[in-house]
Amino acid sequence: MQSTSHSFKDNARAAMANPTLQRAMGNMRHGFLAKRLAAIDRLPEFDALRDRARDIKNHALEHLDVYLEAWEAKVVSAGGHVHWARDAEEARRIVLAICQRLDARTVTKGKSMIAEEIALNPFLEANGIVPVETDLGEYIIQIRNESPSHIIAPAIHLVQDQIEQSFREIHTQFDRDRPLVEPRQLVDEARGVLRDKFIAADVGITGANFLVAETGSSIIVTNEGNGDLTQTLTKAHIVVTSLEKIVPTLEDAQTILRVLARSATGQEYSVYTTVSTGPRRPNDLDGPGEYHVVLLDNGRSRMLGTEFQDMLRCIRCGACMNHCPVYATVGGHAYGWVYPGPMGAVLTPSLIGVDEAGHLPNASTFCGKCESVCPMRIPLPKMMRHWREREFERHLSPAAMRWGIAAWAFLAKRPKLYRWVSGLTANVLGLLGRAHGSFRNLPLAGGWTLGRDMPTPQGETFHRAWARRRPRGTHS
Amino acid sequence: MSSSDSAASRPANPRVALFVTCLVDLFRPSVGFAAVKLLEGAGCRVAVPALQTCCGQPAFNSGDRETARAIARQVIDAFAGYDYVVVPSGSCGGMLHEHYSALFADDADLAARAGDFGKRCHELISFLVDVMGVSAVAARYAGTATYHDSCSGLRELSVKAQPRRLLASVAGLKLTELPGAEVCCGFGGTFCVKYPEISDRMVADKTRDIVATGADTLLAGDMGCLLNIAGKLRRDGHRVRVRHVAEVLAGALDEPAIGEPATEHAQARHTGV
């Protein structure tokens with residue numbers, strides 16, 4: 001996917017000026033949050049489970065090589081194939097080669113952020129293969145030619161009218177005057193359209209929430225059952241996934257599953273949790289003819305051993321973005337690449353470079369809400385700060401900001417000079433603004449006073465007033 | 001930490017160094033004096049070390065680790081020898097308490113000093129309640145207030161119940177809860193400079209919620225949030241009075257509220273509103 005992360009500011013401005021998007025974001029704001037809280041209230045051991053989930057992933061990441069090789073051996077012994085892909089280009093070519101060998105004309109797809117990351121759909125289309133998204137949200141944005149704006153709710157940026165309009169434009173096979181005002185009517189229409197696609201598809205592609213070393217299985221969670229139809233009805237099931245999804249045992253996956261859905265949608269469990277191990281066996285009633293896993297690195301192994309390793313614990317629940325006030329204000333597309341919100345602010349610079357994605361770790365108030373809700377206890381603000389440090393070291397941060405910090409630091413390191421300058425500033429601003437109480441315009445504060453006033457200082461600094469009132473109360 | 005643990009081990013009249021914060025120093029010294037009054041009222045002996053400027057957050061959060069370290073060392077030196085360091089800000093408090101030791105992770109001696117320093121640092125209101133055991137204040141306030149939980153105080157220092165507990169003891173004050181009190185106001189330190197439009201939209205959401213409560217006063221424990229919220233309310237013509245919680249708890253109401261014109265304040269005092 002082509003990044004527009006470098007244009008974050010422009011993207012955000014456009015998003016804030018888009019009333020439909022703002023309406024959609026307003027709808028989103030409360031549902032996820034209340035449901036998550038209710039689910040957690042019903043599970044007193046939730047925080048203890050978060051600790052265990054964190055420890056499981058930390059252990060797996062410390063022994064990534066061991067578990068990946070053990071997992072691969074199990075996949076092979078179950079009759080499956082593992083394809084190691086260094087980058088997006090390799091991953092796309094591996095998928096295409098499998099599809100071409102099977103003469104695939106259409107592929108169905110379960111929801112996969114890795115498929116977004118490697119921009120699989122446009123590549124398949126360019127090679128004459130038709131990809132059909134089968135997750136309702138993904139299907140909606142596919143027919144609208146958009147990208148996901150949220151990692152678990154890809155169409156969260158839309159309101160219902162827009163979906164109705166798109167269905168009427170695309171589903172021309174149906175009566176033009178049919179009613180499409182109830183969510184149920186929209187769902188049923190999509191379901192009917194997709195049913196035929198499932199049956200016609202040659203290859204099914206899904207992602208994976210977990211890879212299990214103990215059994216060589218991949219696990220997906222869905223609420224629509226589309227993943228199961230995608231992967232069981234076809235000649236081949238291709239799992240596109242990335243290497244940090246590995247966990248040692250099924251029990252470990254089960255532990256993490258207990259925090260995943262609760263954090264994501266406030267469900268105790270997703271409606272479907274599907275475990276896949278190898279292709280269809282001779283006595284199986286159904287299942288794919290072949291089972292392939294395309295295991296993507298794409299920069300992740302470079303994060304190991306760095307201050308960003310903890311990010312690889314992420315299980316893509318979306319809680320950080322659900323709770324992020326910046327995400328709620330600008331929406332997911334403003335972030336400009338596959339992963340939005342706080343997790344994207346850390347992951348995107350790791351995967352596509354901080355030169356391109358430098359805005360993202362800066363576009364946070366460090367309010368800390370993301371870290372407080374993360375089921376894997378990922379210290380997201382701390383890692384965003386690490387990116388800011390790298391930007392500062394490499395002189396990537398804007399010159400005006402660097403100059404401002406340098407001038408401020410010069411003073412802050414010289415308390416007597418600082419005292420003199422702050423005293424003068426307080427005097428002058430106090431004199432100028434006291435009658436009005438606040439400034440509508442202030443030099444060097446143009447951004448601030450665009451939409452708010454700047455309250456006036458009281459006129460004398462605390463330190464001067466203190467020295468005057470309590471000459472012996474100051475200790476140097 | 002529970003209040004009994006820290007109360008048991010503390011001196012009866014501890015020596016407390018006030019970390020004023022750069023925003024209180026420049027914008028609102030009355031908050032510093034209110035803090036001194038509250039601390040002295042709780043039995044503390046208060047000093048104000050002269051060699052303090054800022055906690056270093058602007059550098060720390062801009063990725064300028066070297067400057068942040070230099071300022072942190074300066075602060076640790078200036079505040080050596082006191083029983084406690086108290087800050088009328090959750091944001092600066094979080095910096096001193098949480099982040100200084102991380103800045104010196106590569107230097108065992110400095111990390112130990114920073115760790116010891118961090119343990120002695122407290123946000124003002126939680127210090128009064130949790131360490132000094134204050135459960136009520138002798139203040140009066142005529143009005144209905146709502147309270148915004150500043151992010152760092154809330155999430156780094158667990159400041160939540162303490163201000164509400166003390167406000168409940170203020171005669172005449174009615175406290176009404178703010179929906180979304182824990183949602184960031186959009187200040188974010190350098191964030192409001194780097195992304196002013198997003199920051200402005202966030203504070204607009206916050207002030208909309210504040211106005212909807214019908215409260216005549218908005219309180220919080222951090223000057224950054226207070227300047228942001230007061231500036232937005234003023235611009236939009238709302239007459240909600242904005243004050244640091246310490247001012248109300250100390251009964252320090254002589255100065256106009258944040259962003260309030262002197263005449264409006266005098267008029268309000270006169271009519272007793």
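The values are calculated or read from the model by the stated rules, or taken from the named source; none is laboratory data. Computed from a predicted model, the values in this text were never measured in an experiment. Backbone-built Cβ (ideal geometry, glycine too); neighbour counts: all protein chains shown. Surface areas here come from the heavy atoms of the whole protein model, side chains and all, with no ligands, DNA or RNA. Shrake-Rupley method; radii C 1.70, N 1.55, O 1.52, S 1.80 Å.
Residue count for the range A:349-369 under the criterion of being under 22 Å from A:His323 (Cα atoms) and either facing another protein chain (nearest Cβ under 10 Å) or of a type in the set (S, T, N, Q) (or both): the result is 10.
Annotation: of all residues in the range A:199-251 being among the acidic types (Asp, Glu) and out of contact with any strand residue (DSSP E or B) (no Cβ under 9 Å at 6 or more places or on another chain), the one that is farthest from A:Ala91 (Cα to Cα) is A:Glu251.
Within the range A:272-286, the only residue that satisfies the criterion of being of a type outside the set (S, T, N, Q), closer than 27 Å to A:Arg258 by Cα and either part of a loop (DSSP other than H, G, I, E, B) or over 30 Å from the mean Cα position of the chain (by Cα) (or both) is A:Gly278.
Assess whether B:Glu264 counts as being part of a helix (DSSP H, G or I) and either surrounded by 23 or more Cβ atoms within 10 Å (Cβ to Cβ) or among the aromatic types (Phe, Trp, Tyr) (or both).
Working: part of a helix (DSSP H, G or I): yes; either surrounded by 23 or more Cβ atoms within 10 Å (Cβ to Cβ) or among the aromatic types (Phe, Trp, Tyr) (or both): no.
For B:Glu264, the condition - part of a helix (DSSP H, G or I) and either surrounded by 23 or more Cβ atoms within 10 Å (Cβ to Cβ) or among the aromatic types (Phe, Trp, Tyr) (or both) - is not met.
Let me confirm something: among A:Glu371, A:Glu356, which residue is in contact (Cβ under 8 Å) with a residue 60 or more places away in the chain, part of a helix (DSSP H, G or I), outside the structural domain of A:Ser263 (by TED's automatic domain parsing) and surrounded by fewer than 23 Cβ atoms within 10 Å (Cβ to Cβ)? Step by step, each of A:Glu371, A:Glu356 is checked, and only A:Glu356 is in contact (Cβ under 8 Å) with a residue 60 or more places away in the chain, part of a helix (DSSP H, G or I), outside the structural domain of A:Ser263 (by TED's automatic domain parsing) and surrounded by fewer than 23 Cβ atoms within 10 Å (Cβ to Cβ). Against the test of being outside the structural domain of B:Ala35 (by TED's automatic domain parsing), touching a strand residue (DSSP E or B) at 6+ places or on another chain (Cβ under 9 Å) and open to solvent by 20 Å² or more (accessible area, probe 1.4 Å), the options B:Arg234, B:Arg201, B:Arg243, B:Arg239 yield a single qualifying residue, B:Arg234.
Residues of the range A:29-44 that are touching a Gly at 6+ places or on another chain (Cβ under 9 Å) and either among the aliphatic types (A, V, I, L, M) or open to solvent by less than 40 Å² (accessible area, probe 1.4 Å) (or both): A:Gly31, A:Phe32, A:Leu33, A:Ala34, A:Arg36, A:Leu37, A:Ala38, A:Ala39, A:Ile40. Considering the range B:124-195, there are no qualifying helices (runs of 4 or more DSSP H) wholly inside with 1 or more residues that are free of Cβ contacts under 8 Å to residues at least 12 places away in the same chain and touching a strand residue (DSSP E or B) at 6+ places or on another chain (Cβ under 7 Å). Criterion applied to A:Ala153, A:Ala119 was being open to solvent by 10 Å² or more (accessible area, probe 1.4 Å) and under 15 Å from the mean Cα position of the chain (by Cα), and the one residue passing it is A:Ala153.
Every residue, every condition in (1) under 20 Å from A:Leu96 (Cβ atoms); (2) crowded, with 18+ Cβ neighbours inside 10 Å, yes or no:
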{"position": "A:Thr206", "(1), (2)": "yes, yes"}
{"position": "A:Asn226", "(1), (2)": "no, yes"}
{"position": "A:Ala236", "(1), (2)": "yes, yes"}
{"position": "A:Leu250", "(1), (2)": "no, no"}
{"position": "A:Ala253", "(1), (2)": "no, yes"}
{"position": "A:Ser263", "(1), (2)": "no, yes"}
{"position": "A:Tyr272", "(1), (2)": "no, no"}
{"position": "A:Arg280", "(1), (2)": "no, no"}
{"position": "A:Leu295", "(1), (2)": "yes, yes"}
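Kindly evaluate A:Thr329 against the criterion of being more than 13 Å from the chain's Cα centre (by Cα) and outside any helix (DSSP H, G or I). It would help to see each step written out before you state the result.
On the way: more than 13 Å from the chain's Cα centre (by Cα): yes; outside any helix (DSSP H, G or I): no.
Criteria not met by A:Thr329.
Report yes if B:Leu219 is touching a strand residue (DSSP E or B) at 6+ places or on another chain (Cβ under 6 Å), under 23 Å from A:Ala12 (Cβ atoms) and not small (Gly, Ala, Ser), otherwise no. Full working, then the answer.
Details: touching a strand residue (DSSP E or B) at 6+ places or on another chain (Cβ under 6 Å): yes; under 23 Å from A:Ala12 (Cβ atoms): no; not small (Gly, Ala, Ser): yes.
It is false that B:Leu219 is touching a strand residue (DSSP E or B) at 6+ places or on another chain (Cβ under 6 Å), under 23 Å from A:Ala12 (Cβ atoms) and not small (Gly, Ala, Ser).
The rows are residues; the columns are (1) under 24 Å from B:Glu98 (Cβ atoms); (2) surrounded by 22 or more Cβ atoms within 10 Å (Cβ to Cβ); (3) within 14 Å of chain A (Cβ to nearest Cβ).
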| residue | (1), (2), (3) |
| --- | --- |
| B:Ser150 | yes, yes, yes |
| B:Leu166 | yes, yes, no |
| B:Ala171 | no, no, no |
| B:Glu177 | no, no, no |
| B:Glu182 | yes, no, yes |
| B:Cys185 | yes, yes, yes |
| B:Val193 | yes, no, yes |
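If you filter the range A:45-65 down to residues that are without any contact (Cβ under 8 Å) to a residue 40 or more places away in the chain and assigned to a helix (DSSP H, G or I), you find that the one that is most open to solvent (accessible area, probe 1.4 Å) is A:Glu62. Taking the options B:Leu23, B:Leu51, name whichever one is open to solvent by 10 Å² or more (accessible area, probe 1.4 Å), closer than 16 Å to A:Ser422 by Cβ and outside any helix (DSSP H, G or I). Just a single option satisfies the conditions, and that option is B:Leu51.
Of everything in the range B:204-213 that's open to solvent by less than 30 Å² (accessible area, probe 1.4 Å) and either in a loop (DSSP other than H, G, I, E, B) or of a type in the set (Val, Ile, Thr) (or both), which residue is nearest to the other protein chains (Cβ to nearest Cβ)? Applying the filter and picking the extreme gives B:Thr207.
So for the range A:45-63 (the condition being among the basic types (Lys, Arg) and more than 30 Å from A:Met321 (Cβ to Cβ)), does at least one residue qualify? Reasoning before the result, please.
Keep residues of the range A:45-63 that are among the basic types (Lys, Arg), which gives A:50, A:52, A:54, A:57.
Adding the requirement that they be more than 30 Å from A:Met321 (Cβ to Cβ) leaves none.
No, the range A:45-63 contains no residue that is among the basic types (Lys, Arg) and more than 30 Å from A:Met321 (Cβ to Cβ).
Scan the range A:220-241 for residues that are more than 21 Å from A:Pro154 (Cβ to Cβ) and either without any contact (Cβ under 8 Å) to a residue 40 or more places away in the chain or part of a strand (DSSP E or B) (or both) and jot them down.
Of the residues in the range A:220-241, the ones more than 21 Å from A:Pro154 (Cβ to Cβ) are A:232-237.
Within the range A:220-241, A:Ala236, A:His237 qualify.
The residues of the range A:375-396 that are of a type in the set (A, V, I, L, M, F, W, C) and either part of a helix (DSSP H, G or I) or more than 10 Å from chain B (Cβ to nearest Cβ) (or both), listed by number, are A:Met376, A:Ile378, A:Leu380, A:Met383, A:Met384, A:Trp387, A:Phe392. Out of B:Ala47, B:Ala70, one residue alone is touching a strand residue (DSSP E or B) at 6+ places or on another chain (Cβ under 6 Å) and facing chain A (nearest Cβ under 8 Å). It is B:Ala47. Between a first residue in the range B:252-268 that is more than 8 Å from chain A (Cβ to nearest Cβ) and a second residue that is of a type in the set (Lys, Arg), which pairs have beta carbons less than 7 Å apart while being 6 or more apart in sequence or on different chains? Hits for this filter: B:Ala252/B:Lys37; B:Ala257/B:Arg241; B:Ala257/B:Arg243. Answer with yes or no whether A:Val259 is under 21 Å from the mean Cα position of the chain (by Cα) and assigned to a strand (DSSP E or B). Criteria not met by A:Val259.
Within the range A:306-324, can you find the residues that are in a helix (DSSP H, G or I) and open to solvent by less than 20 Å² (accessible area, probe 1.4 Å)? Correct list: A:Met311, A:Leu312, A:Arg313, A:Ala319, A:Cys320, A:Met321, A:Asn322. For the range A:408-455, the set of residues classified as within 12 Å of B:Arg235 (Cβ to Cβ), within 7 Å of chain B (Cβ to nearest Cβ) and without any contact (Cβ under 8 Å) to a residue 12 or more places away in the chain consists of A:Trp448, A:Leu450, A:Gly451, A:Arg452, listed by residue number. Could we say that B:Ser126 is surrounded by fewer than 18 Cβ atoms within 10 Å (Cβ to Cβ) and at negative phi here? In short, no.
Quick one: which residue in B:Gly90, B:Gly43, B:Gly63 is at positive phi and in contact (Cβ under 8 Å) with a residue 60 or more places away in the chain?
Values: B:Gly90 fails: at positive phi; B:Gly63 fails: in contact (Cβ under 8 Å) with a residue 60 or more places away in the chain.
Answer to the selection: B:Gly43.
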